[in-house]
1. Amide H to amide H, which residues 5 or more places from Leu153 or on other chains are under 5 Å from it, using H placed in the peptide plane?
2. For the cross-link pairs Lys186/Lys216; Lys297/Lys467; Lys216/Lys297; Lys91/Lys335; Lys74/Lys185; Lys146/Lys186, which exceed 19 Å when the distance is taken from alpha carbon to alpha carbon?
3. Could you give me the ³J(HN,Hα) list for the range 429-444, computed from phi with Karplus coefficients 6.51, -1.76, 1.60 and θ = phi - 60°, whole Hz, x at Gly and Pro?
4. Taking square-rooted eigenvalues a ≥ b ≥ c of the alpha carbon gyration tensor, is the range 1-147 rounded, prolate or oblate, where a/c under 1.5 means rounded and, failing that, a/b exceeding b/c means prolate?
5. Do you know the relative contact order of the range 1-104, to the nearest whole percent, from alpha carbon pairs under 8 angstrom that are 6+ apart?
6. Under 5 Å between amide H atoms, partner at least 5 residues away or on a different chain: which partners does Asp102 have, H built in plane at 1.01 Å?
7. Only bridges with both residues in the chain count here: give the DSSP antiparallel percent, nearest 5.
8. Under a plain spin-label model, where a point goes 7 Å from the Cα along Cα-to-Cβ, how far apart in nm are His249 and Ile40?
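A short reminder: the numbers here are calculations on the coordinates, not readings from a lab. Because the structure is predicted, anything quoted here is derived from the model rather than measured. Positions of Cβ are generated from backbone atoms using ideal geometry, with glycine treated the same way; all protein chains shown enter the neighbour counts.
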Amino acid sequence: MVKICCLGAGYVGGPTMAVIALKCPDIEVVVVDIFEPRIIAWNSDHLPIYEPGLDDVVKQCRGKNLFFSKDVEKHVAEADIVFVSVNTPTKTQGLGAGKAADLAYWESAARMIADVSRTDKIVVEKSTVPVKTAEAIEKILTHNSKGINFQILSNPEFLAEGTAIQDLFNPDRVLIGGRETPEGKKAIQALKDVYAHWVPLERIICTNLWSAELSKLAANAFLAQRISSVNAMSALCEATGADVSQVSHAIGKDTRIGPKFLNASVGFGGSCFQKDILNLVYICECNGLPEVATYWKQVVQVNEYQKTRFVNRMVSSMFNTVSGKKIAILGFAFKKDTGDTRETPAIGVCQGLLGDKAILNIYDPQVSQEQIQRDLSMHKSELDRPPHLQPASPTAMKQVTCVWDAYEAAKGAHGICILTEWDEFKTLDYQKIYDDMQKPAFVFDGRNVVDVDKLRQIGFIVYTIGKPL
Ligand code: NAD
Ligand code: UGA
């Protein structure tokens, strides 16, 4: 039986390994983590992450060929293939701070693998890493390895949160990069054999190491660029009377452009787009390519602009001040169907409103009050840290209340602000909400989910992204 061990039981390690275990009953998969509460949660009825379909997959194979353990060294030592899916946040200090990837978790994982290994291993980069990371990892492994053969592969993950299980069951492609030596090719084949249990062979792409590493950064940069492009258009739509949904539909019909990922919004969030683009920018700068760096940096800058623009529009439309006004914030996660708040645009928008002394009533179906308070009282650079490495929340957020119902959030409010596209926000009883609000009652839809005509008929003043007033 092939044995797989995965370092890092997070949003990627957990679901990815659960699907490998489900699809490959002949393989034993152990997911390990240095953060014990996460492992305890993976072994309980309340998994540490909310992801549609995940509970079902875990239930089917946990205890059979899928295990979660804190016994990191033992399981690494026993494995044939070691996936490394640890976090790679943006560096907050030192050389490259604010842009470069912090590979401290990766490096310590690699040193541990070298220390405990007694047999040959394939080490797979699952985390998103800067191009050429495999070279550094190879150095660490081979210099400490006492003659053990390590083959490094790059196998970046392309799943999106909220649809992770669907993406893993039916990936557009699986990418495997490796050394072009006989040993490298053998390792690539071994990993290909794992995915071939359920992924059609024509969707498994094999490349050299550097192409695989760079393709991951490039894919995220291209995806984020589409959002910043449509968001930039949304500003022009608001200024001219064009409707961004109509523009997206019209341009998306061109098969060379395509219809997906053209939804204008208050801005993209999530743990990776910004971090990976900044990392790409840093790599370009280090390689003497300042023009290329500036090009990609603009994608992040437009995203910041979009959030600021949204807050400014809210404040100016509410008679130039929100001081002492109650605003219902509907949605805090960075997208629907996840409880993840990393880099959610809700943080910037709420902080902006708090800066103007608004009173916020926040509701999100999957995000806890503790998480919201931690996010809002934290400096931006600290947000990339995993929960156990973050400093304790410093201030009580006196202007912020978290509630567990959208109607409760809107009671007595001057305005509603939708920041996550949860399906339930489309079908709320807006008449009931309107009746309970201060007048004039405003709606600021940062995700273009509400039926604008219907809400205007009720009496709301509605602002959306990129649509005429
Ligand atoms: P995460 O923070 O949810 O999980 C990482 C886990 O690794 C944490 O639980 C941490 O405790 C653990 N860890 C750190 N050092 C360790 C060590 N030495 N040994 C064992 N465990 C260790 O992060 P994530 O969202 O799962 O992302 C992981 C990587 O995958 C990142 O590089 C990210 O860019 C990439 N990625 C993420 C997504 C996503 O949707 N979140 C998608 C594709 C790629
Ligand atoms: C993204 C990529 O889609 C994945 O392929 C990649 O593996 C992952 O990053 C990663 O490397 O972490 P994710 O961030 O989970 O996945 O979610 P997305 O669906 O890409 O959404 C990201 C953000 O963009 C969200 O805030 C979403 O609301 C926003 N978005 C997305 C828009 O504003 N408009 C769109 O048209 C699409």
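1. Sorted by chain and number, the residues that satisfy this are Val123, Val124, Glu125.
2. The pairs that break the limit, which is 19 Å between Cα atoms, are Lys186/Lys216; Lys297/Lys467; Lys91/Lys335; Lys74/Lys185; Lys146/Lys186.
3. Going residue by residue, I get 7, 5, 5, 4, 4, 4, 4, 8, 9, 5, 10, x, 9, 9, 10, 10 Hz, with x marking Gly and Pro.
4. Numbers: a/c = 2.12, a/b = 1.31, b/c = 1.62.
Oblate, since a/c reaches 1.5 and b/c is not below a/b.
5. 36
6. Result for Asp102 returns Thr90, Lys91.
7. 5
8. Here the modelled spin labels are 5.2 nm apart.
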